[in-house]
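The values are calculated or read from the model by the stated rules, or taken from the named source; none is laboratory data. The structure displayed is predicted, hence computed values, not measured ones. Neighbour counts are summed over all protein chains in view; Cβ atoms, including those assigned to glycine, are modelled from backbone coordinates with ideal geometry.
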Amino acid sequence: MAINCTVNKKKVSLDIDPNTPLLWALRDHLSLLGTKYGCGIAQCGACTVWVNGEPMRSCVLPISAVSNAQITTIEGLDPAGKHPVQVAWDELDVPQCGYCQAGQIMTAAGLLKNNPHPTDQEIVDGMAGNICRCGTYHRIQEAVKLASKKIKK
Amino acid sequence: MKTSRRDFIQKASLFTGVFTLGFDWFSADASAMEVVASAGRFNAFLSIDSLGKVILYSPNPEIGQGIKTAFPVVVAEELDVDWAQVQVEQANLDTKQFERQLTGGSGALKHSWDRLRKAGATVRKMMMQAAADQWKVDVTKTKTSKGFVLGPAGQKASYGSLAEAASKLPVPSEVTYKDRKDYKIIGTRVKGVDNKNVVTGKPLFGIDIRKPGMVFAQIVRPPFGATLKSFSAEDVKKMPGIIDVVSFKNKVAIVGENTYAILQARASLTCDYGSDAPLESNDTHAKWFDEGMKSDKAQVMRKDGDFSAAMAKAVKVVEATYECPFISHSPMEPMNFFADVKADSVLLAGPTQVPQPAQKAVSDLLKIPVDKIQVELSKMGGGFGRRLSNDFVLEAAELSSIIKKPVLVMWTREDDMAGGTYRPAARYHFKAGLDASGEIIAFYLRGVGINAGNSTRQDNFPVGAIENVLIESFDQKSAVSTGPWRAPITNFLGFAEQAFLDEVAEVAGKDPIQMRLALLEKVKTKPVGKITYEPARFEEVIKQAAEKAQWKKKPGVHQGFSVYYSHLSYVAQIAEVKVENGKPKVTKVTAVTDCGEVVNLSGAENQVKGAIIDGMGHALFAKLNFQAGVASPQNFNAYRMIRGNEVPVIEAHFVNNGIAPTGLGEPALPPTGGSIANAIYAATKKRHYKQPFS
């Protein structure tokens with residue numbers, strides 16, 4: 001039986017193995033390639049998307065668990081790239097290779113949605129679940145802070 | 001410098017064809033089609049069309065080192081255009097137009113600095129000449145600013161309006177470059193040209209490649225040293241979404257319609273392996289280290305004076321042994337590659353640091369001439385040296401040739417971590433003999449590596465300052481595949497050397513910085529043998545680091561020093577450690593780098609900070625174990641990567657002395673293990689001799 005859900009405000013119907021992780025449904029079946037595979041075991045955060053507004057690891061989340069859910073991927077955060085987190089990421093020139101950054105941005109935007117003005121320590125803790133192999137951690141933390149300031153305006 | 005044919009297309013080929021501008025395929029009406037411009041490709045690196053659009057082509061593969069931004073910055077500077085006016089495009093492999101189209105050895109800017117400047121300055125000169133001809137003035141009376149030529153009587157013409165006339169002029173053989181004090185872009189903070197695409201999730205990477213008719217595949221590889229005896233394919237082939245299961249070179253490839261179908265099929269596949277020789281384990285490697293240290297077959301890499309005779313006269317002797325394990329590169333984007341092999345042509349696409357060798361290797365494998373093999377370059381989700389090996393390209397090409405389909409071969413994280421070309425494991429033994437005044441009179445190093453080639457760097461400082469030196473290397477062959485890992489060999493040797501010098505300074509009763517400065521003074525006044533580094537540049541980074549970090553002037557802060565020369569750049573580091581709850585915590589690293597001219601300050605800071613975090617993370621945590629030829633751990637749950645809540649404050653300073661730029665992707669890594677270990681020692685009196693530290 002097909003799984004129905006909403007991805008980036010579009011209704012989709014997935015008639016595939018219900019155990020398929022959301023990550024592979026997005027990438028292989030919906031051609032949404034912005035969400036990245038990094039580890040497949042919820043360790044690195046590269047695959048982070050929002051499910052009903054909450055950041056989740058899509059690599060371990062079967063689509064059977066997202067029936068009727070609202071899913072937001074990096075492509076849906078703000079396609080024009082105007083979300084404060086996206087703007088801050090560009091302004092502070094965060095990316096090196098860029099591969100992990102979709103997951104970082106979805107985590108950061110999720111963090112700020114729940115807590116628009118986090119303390120420095122809350123930023124560090126909130127972002128600690130996402131690995132960046134290039135080591136852009138300082139700029140990630142600075143960009144979350146900058147995005148928080150932009151939200152205040 | 002000479003103008004290379006490859007850098008400059010003959011002018012006959014300029015202004016060929018037209019392309020449309022400002023045309024939105026989804027909304028435009030027919031009138032938009034009228035906005036056409038002649039496209040003038042002046043040379044390999046740039047084109048300017050008649051509407052003034054400047055396209056800069058960046059030939060080298062982008063791996064996160066920022067080359068796709070840094071190269072065009074140099075061209076744009078000498079062309080004298082506004083950076084906002086520039087569009088950057090990744091050039092695919094084109095051996096006719098570009099030289100050294102690779103990513104490795106931190107050598108891109110060093111190699112291309114003059115080529116890039118010339119590409120820009122030449123076209124700037126042609127624009128000035130075209131304007132001078134038009135205005136009938138002496139070309140020396142013209143100047144340029146932000147993409148315009150300015151004349152003596154207030155004339156002003158855009159590069160776009162001059163492009164066609166300029167393209168018909170002879171290419172000048174002599175050009176002058178800007179004085180660096182006039183730089184407007186070089187040395188500033190230039191944001192990555194791909195940032196907007198990254199933050200909006202555009203498909204930029206190898207795993208994002210999608211081509212018509214493409215299928216997916218994963219490959220099950222044997223343990224190192226093992227051969228495939230048999231495998232169970234029949235049931236797997238019947239599984240939903242599975243297209244084929246084929247075997248080649250001891251590997252089993254599962255070809256399917258989507259990733260999850262293949263992952264399911266893999267779980268049902270059983271492979272039976274055998275081997276002629278015993279498969280390797282940690283014990284095998286430990287035994288090899290012991291044997292290599294005793295072997296009389298070590299190769300002498302450098303000999304100055306008479307080490308043994310000098311050692312016999314030493315008043316004090318310092319000895320230490322350092323050891324590092326195999327480690328994985330673990331870029332966030334696991335290996336993958338696309339190949340479409342047809343009867344007489346091949347399309348390769350994906351993340352490789354070395355597209356030309358990839359093309360050649362596939363040509364050799366499939367007996368298809370290189371000019372029939374097209375290589376498209378994707379952005380790389382990191383590599384750290386892993387993508388210098390083309391094993392994954394060859395696999396994709398071979399599989400495509402067998403199944404006769406375009407295929408994207410995907411490695412899982414486990415495949416990637418278990419799949420080799422690791423940083424080789426190595427053990428180092430150092431000896432230093434000191435005289436009564438604490439001067440080093442004899443210095444010895446033996447490196448024993450496993451598939452490491454020469455595990456030493458025999459000309460490294462303090463060699464050159466010491467009368468009697470013996471450096472030996474012993475390499476043990478292994479079935480475990482190894483390859484370059486960011487700052488090959490020196491990523492660990494740098495730690496060993498700098499930690500050993502710290503120990504020598506302590507025994508000699510000297511300050512580690514003062515001891516190094518005194519050694520460098522000797523290199524200047526009385527050099528011994530071949531010298532590969534410039535002592536004055538070494539001294540400068542050391543002195544600046546000591547000043548910036550307030551060396552030994554911060555009460556309660558334990559500091560460790562290291563300095564390293566690699567990839568033609570110099571980096572001095574001071575790490576700071578505080579003891580919290582009885583445990584040492586690295587709180588800050590101050591780095592001073594001499595990489596010559598800093599082309600992009602934002603990118604440069606990223607490289608230095610990233611390399612320090614990389615060096616620290618791997619020094620603290622990384623290790624692969626071997627059992628029966630299989631590496632473990634195979635994923636990030638047990639193979640620890642450093643995280644954002646574990647990084648110290650990092651200050652990245654640059655000497656920025658205007659010397660032609662040298663390497664920056666790697667040089668800040670080798671000193672990191674040493675500065676941190678030396679700071680930990682200052683805090684705890686415990687020395688680390690092995691990585692990982694924890």
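Within the stretch A:91-138, the set of residues being at the interface with chain B (Cβ under 9 Å from one of its Cβ atoms), surrounded by fewer than 24 Cβ atoms within 10 Å (Cβ to Cβ) and either of a type in the set (D, E, K, R) or at positive phi (or both) comprises A:Glu91, A:Asp93, A:Asp125. Give the stretch B:640-680 a look and list any residue that's among the aliphatic types (A, V, I, L, M) and either part of a loop (DSSP other than H, G, I, E, B) or modelled with pLDDT under 95 (or both), or say none. Hits for the stretch B:640-680 are B:Met641, B:Ile642, B:Val647, B:Val655, B:Ile659, B:Ala660, B:Leu664, B:Ala668, B:Leu669.
With respect to B:Ala652, is the statement that it is within 30 Å of B:Arg221 (Cα to Cα) and touching a strand residue (DSSP E or B) at 6+ places or on another chain (Cβ under 8 Å) true? Here the answer is no, as B:Ala652 does not meet what is asked.
Of the numbered criteria (1) small (Gly, Ala, Ser); (2) over 17 Å from the mean Cα position of the chain (by Cα); (3) within 11 Å of another protein chain (Cβ to nearest Cβ), the one B:Gly603 fails is (2). Among the residues making up the stretch B:238-259, those that are more than 17 Å from B:Val407 (Cα to Cα) and out of contact with any helix residue (DSSP H, G or I) (no Cβ under 7 Å at 6 or more places or on another chain) are B:Lys238, B:Lys249, B:Asn250. Check the stretch B:644-660 and report whether any residue there is over 25 Å from A:Gly45 (Cβ atoms) and within 11 Å of chain A (Cβ to nearest Cβ). Yes; the residues of the stretch B:644-660 include at least one that is over 25 Å from A:Gly45 (Cβ atoms) and within 11 Å of chain A (Cβ to nearest Cβ). Once the stretch B:227-267 is narrowed to residues that are within 14 Å of chain A (Cβ to nearest Cβ) and small (Gly, Ala, Ser), the residue that is surrounded by the most Cβ atoms within 10 Å (Cβ to Cβ) is B:Gly256. Inclusion of B:Ala505 among residues that are closer than 17 Å to B:Phe289 by Cβ, part of a helix (DSSP H, G or I) and outside the structural domain of B:Asp244 (by TED's automatic domain parsing) is not warranted. One residue stands out in the stretch B:194-223 among those that are more than 14 Å from chain A (Cβ to nearest Cβ) and out of contact with any helix residue (DSSP H, G or I) (no Cβ under 9 Å at 6 or more places or on another chain): the one that is surrounded by the fewest Cβ atoms within 10 Å (Cβ to Cβ), namely B:Gly213. Taken together, A:Ala69, A:Ala88, A:Ala65 contain a single residue that is more than 8 Å from chain B (Cβ to nearest Cβ), surrounded by 24 or more Cβ atoms within 10 Å (Cβ to Cβ), over 12 Å from the mean Cα position of the chain (by Cα) and small (Gly, Ala, Ser), which is A:Ala88.
So that you can scan it fast, the table gives a plain yes or no per residue for (1) out of contact with any Lys or Arg (no Cβ under 9 Å at 6 or more places or on another chain); (2) part of a strand (DSSP E or B); (3) more than 26 Å from B:Glu291 (Cα to Cα):
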site: B:Leu408; (1), (2), (3): no, yes, yes
site: B:Glu414; (1), (2), (3): yes, no, yes
site: B:Met417; (1), (2), (3): yes, no, yes
site: B:Gly420; (1), (2), (3): no, no, no
site: B:His429; (1), (2), (3): no, yes, no
site: B:Ala432; (1), (2), (3): no, yes, no
site: B:Ser437; (1), (2), (3): yes, no, yes
site: B:Ala442; (1), (2), (3): no, yes, no
site: B:Leu445; (1), (2), (3): no, yes, no
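Just to be sure, is B:Phe337 surrounded by fewer than 24 Cβ atoms within 10 Å (Cβ to Cβ) and among the hydrophobic types (A, V, I, L, M, F, W, C)? It is false that B:Phe337 is surrounded by fewer than 24 Cβ atoms within 10 Å (Cβ to Cβ) and among the hydrophobic types (A, V, I, L, M, F, W, C).
Tell me, please, whether a residue that is in a helix (DSSP H, G or I), within 16 Å of B:Ala70 (Cα to Cα) and more than 9 Å from every other protein chain (Cβ to nearest Cβ) can be found in the stretch B:619-639. No, the stretch B:619-639 contains no residue that is in a helix (DSSP H, G or I), within 16 Å of B:Ala70 (Cα to Cα) and more than 9 Å from every other protein chain (Cβ to nearest Cβ).
Residues in the stretch B:89-111 that are without any contact (Cβ under 8 Å) to a residue 60 or more places away in the chain, farther than 17 Å from B:Ile373 by Cα and of a type in the set (Asp, Glu): B:Glu89 alone. Among the charged types (D, E, K, R) and closer than 20 Å to B:Ile185 by Cα: does that describe B:Lys143? Answer is yes for this residue. When restricted to residues that are surrounded by 13 or more Cβ atoms within 10 Å (Cβ to Cβ) and polar (S, T, N, Q), the stretch B:135-152 contains 2.
Scanning the stretch B:422-465 for residues that are among the β-branched types (Val, Ile, Thr), closer than 29 Å to B:Asn282 by Cβ and in contact with a Leu (Cβ under 8 Å, 6 or more places away or on another chain) gives a single hit, B:Thr456. Of the residues making up the stretch B:292-318, those that are over 33 Å from the mean Cα position of the chain (by Cα) and not hydrophobic (A, V, I, L, M, F, W, C) number 8.
Evaluation of B:Tyr322 against the conditions (1) in the same structural domain as B:His429 (by TED's automatic domain parsing); (2) surrounded by fewer than 18 Cβ atoms within 10 Å (Cβ to Cβ); (3) hydroxyl-bearing (Ser, Thr, Tyr) shows that the sole unmet condition is (2). Across the stretch B:268-295, the number of residues qualifying as aromatic (Phe, Trp, Tyr) and surrounded by 19 or more Cβ atoms within 10 Å (Cβ to Cβ) comes to 2. Condition test on B:Val245, is it in contact with a Ser or Thr (Cβ under 6 Å, 6 or more places away or on another chain), aliphatic (A, V, I, L, M) and touching a residue at least 12 places away in the same chain (Cβ under 8 Å)? So B:Val245 fails the test.
Residues checked against (1) within 18 Å of B:Gln607 (Cβ to Cβ); (2) out of contact with any strand residue (DSSP E or B) (no Cβ under 7 Å at 6 or more places or on another chain); (3) assigned to a strand (DSSP E or B):
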| position | (1), (2), (3) |
| --- | --- |
| B:Val541 | yes, no, no |
| B:Glu547 | no, yes, no |
| B:Gln550 | no, yes, no |
| B:Lys554 | no, yes, no |
| B:Tyr564 | yes, no, yes |
